[in-house]
1. For Arg16, state whether it is in contact with a strand residue (DSSP E or B) (Cβ under 7 Å, 6 or more places away or on another chain) and either loosely packed, with under 15 Cβ neighbours inside 10 Å or not assigned by TED's automatic domain parsing to the domain that holds Asn81 (or both).
2. For the stretch 49-71, enumerate the residues that are touching a Lys or Arg at 6+ places or on another chain (Cβ under 9 Å) and farther than 22 Å from Asp96 by Cα.
3. Go through the residues of the stretch 168-183 one by one and say whether even a single one is surrounded by 14 or more Cβ atoms within 10 Å (Cβ to Cβ), over 18 Å from the mean Cα position of the chain (by Cα), modelled with pLDDT of 95 or more and of a type in the set (Val, Ile, Thr).
4. For residues in the stretch 70-110 being polar (S, T, N, Q) and buried (at least 17 other Cβ atoms within 10 Å of the Cβ), which is nearest to the chain's Cα centre (by Cα)?
5. Where the second residue is assigned to a loop (DSSP other than H, G, I, E, B) and buried (at least 19 other Cβ atoms within 10 Å of the Cβ) and the first is touching a residue at least 60 places away in the same chain (Cβ under 8 Å) and lies in the stretch 140-155, which pairs have Cβ atoms under 6 Å and are six or more apart or on separate chains?
6. Quick check on this structure: which one of Leu194, Leu211, Leu226 is assigned by TED's automatic domain parsing to the domain that holds Leu116 and within 25 Å of the chain's Cα centre (by Cα)?
7. Kindly state which strands (runs of 3 or more DSSP E) lie completely within the stretch 28-141 and contain at least 2 residues that are under 19 Å from Leu223 (Cα atoms) and modelled with pLDDT of 90 or more.
8. Kindly list the number of the only condition in (1) buried (at least 17 other Cβ atoms within 10 Å of the Cβ); (2) outside the structural domain of Glu23 (by TED's automatic domain parsing); (3) out of contact with any Phe, Trp or Tyr (no Cβ under 7 Å at 6 or more places or on another chain) that fails for Glu119.
Amino acid sequence: MTEPVRLAKRVVALTRCSRREAEQYIEGGWVRVDGVVVEEPQFMVDTQAVEIDPAAELAPAEPATLVLHKPAGCDAGSGANPASALVIPANRSPDDTSGVRPLKRHLLRLTSPLALPTEASGLLIFTQDWRVTRKLTEDIDRIEQEFVVDVEGTLVPNGLALLNHGLRFNNYAMPPIKVSWQSEQRLRFAFKVLQPTQIVPMCQAVGLKVLAMKRLRVGRIPLAKLAPGQWRYLAPGERI
């Protein structure tokens with residue numbers, strides 16, 4: 001009877017590599033135990049068959065960034081109904097063309113730096129990458145966001161022009177943005193600097209009640225045809 005050993009030790013014996021290199025192979029999803037990918041170097045094995053993928057690359061696993069279509073009613077951050085609960089393997093879009101090899105570690109320690117109101121739906125970004133976090137926080141005023149907003153009510157005279165530039169709240173002038181009609185009951189908002197939470201009071205100020213709103217784009221990242229509740233990887237070449 002063989003004594004169980006850590007998977008990393010077995011990989012060292014198979015490949016003649018260092019322990020750290022063995023851990024990188026395992027954490028990168030390149031090692032199978034009885035045909036099943038195992039990503040934990042400390043996983044114990046004895047008589048199981050251990051295989052290294054012939055295409056294995058010796059490189060640290062890159063931090064992942066994901067795009068989720070958040071349904072209305074889910075909390076972007078912590079809350080009773082967190083959107084993060086939707087980021088599971090079963091909800092990955094079948095149309096994901098990012099080319100990213102899915103790993104269990106990609107779904108751990110994700111943060112959502114860019115807020116989206118609970119009542120809103122649409123694009124929500126989760127990331128493990130500090131560079132993406134910094135871009136969506138410190139640099140967000142330079143990134144355009146696009147929303148569609150369903151409304152009802154009667155627009156006050158010159159209301160569309162006021163939405164574009166002219167409204168004031170608490171003696172603060174709202175920044176110029178781009179607002180246009182998409183249909184009789186749907187407005188398109190495209191803006192920098194503005195916070196999504198300011199859309200509702202802006203519409204109220206011109207006689208409109210917001211029924212629903214959806215974020216379609218953040219910078220160069222579109223929601224596209226991602227179904228509600230589904231997510232995809234941000235491809236290595238995609239830039240916000």
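1. Answer is no for this residue.
2. The answer is Ala49, Val50, Glu51, Ile52, Asp53.
3. Yes, there is a match, as at least one residue in the stretch 168-183 is surrounded by 14 or more Cβ atoms within 10 Å (Cβ to Cβ), over 18 Å from the mean Cα position of the chain (by Cα), modelled with pLDDT of 95 or more and of a type in the set (Val, Ile, Thr).
4. Filtering the stretch 70-110 for residues polar (S, T, N, Q) gives 78, 81, 84, 91, 93, 97-98.
Filter once more, so that each one left must be buried (at least 17 other Cβ atoms within 10 Å of the Cβ): 84, 93, 98.
Numbers: Ser84: 9, Ser93: 13, Ser98: 13 Å.
Only one residue fits best here, namely Ser84.
5. Sorted first by the residue in the stretch 140-155, then by its partner, the pairs are Ile143/Gly219.
6. Working: Leu194 fails: assigned by TED's automatic domain parsing to the domain that holds Leu116; Leu211 fails: assigned by TED's automatic domain parsing to the domain that holds Leu116.
Step by step, each of Leu194, Leu211, Leu226 is checked, and only Leu226 is assigned by TED's automatic domain parsing to the domain that holds Leu116 and within 25 Å of the chain's Cα centre (by Cα).
7. Filter on the stretch 28-141 gives 65-70, 121-127.
8. Only one criterion in (1) buried (at least 17 other Cβ atoms within 10 Å of the Cβ); (2) outside the structural domain of Glu23 (by TED's automatic domain parsing); (3) out of contact with any Phe, Trp or Tyr (no Cβ under 7 Å at 6 or more places or on another chain) is unmet by Glu119, namely (1).
The values are calculated or read from the model by the stated rules, or taken from the named source; none is laboratory data. Since the model is a prediction, treat every value here as computed from it, not as a measurement. Every residue, glycine among them, receives a Cβ derived from its backbone with ideal geometry; neighbour counts consider all protein chains shown.
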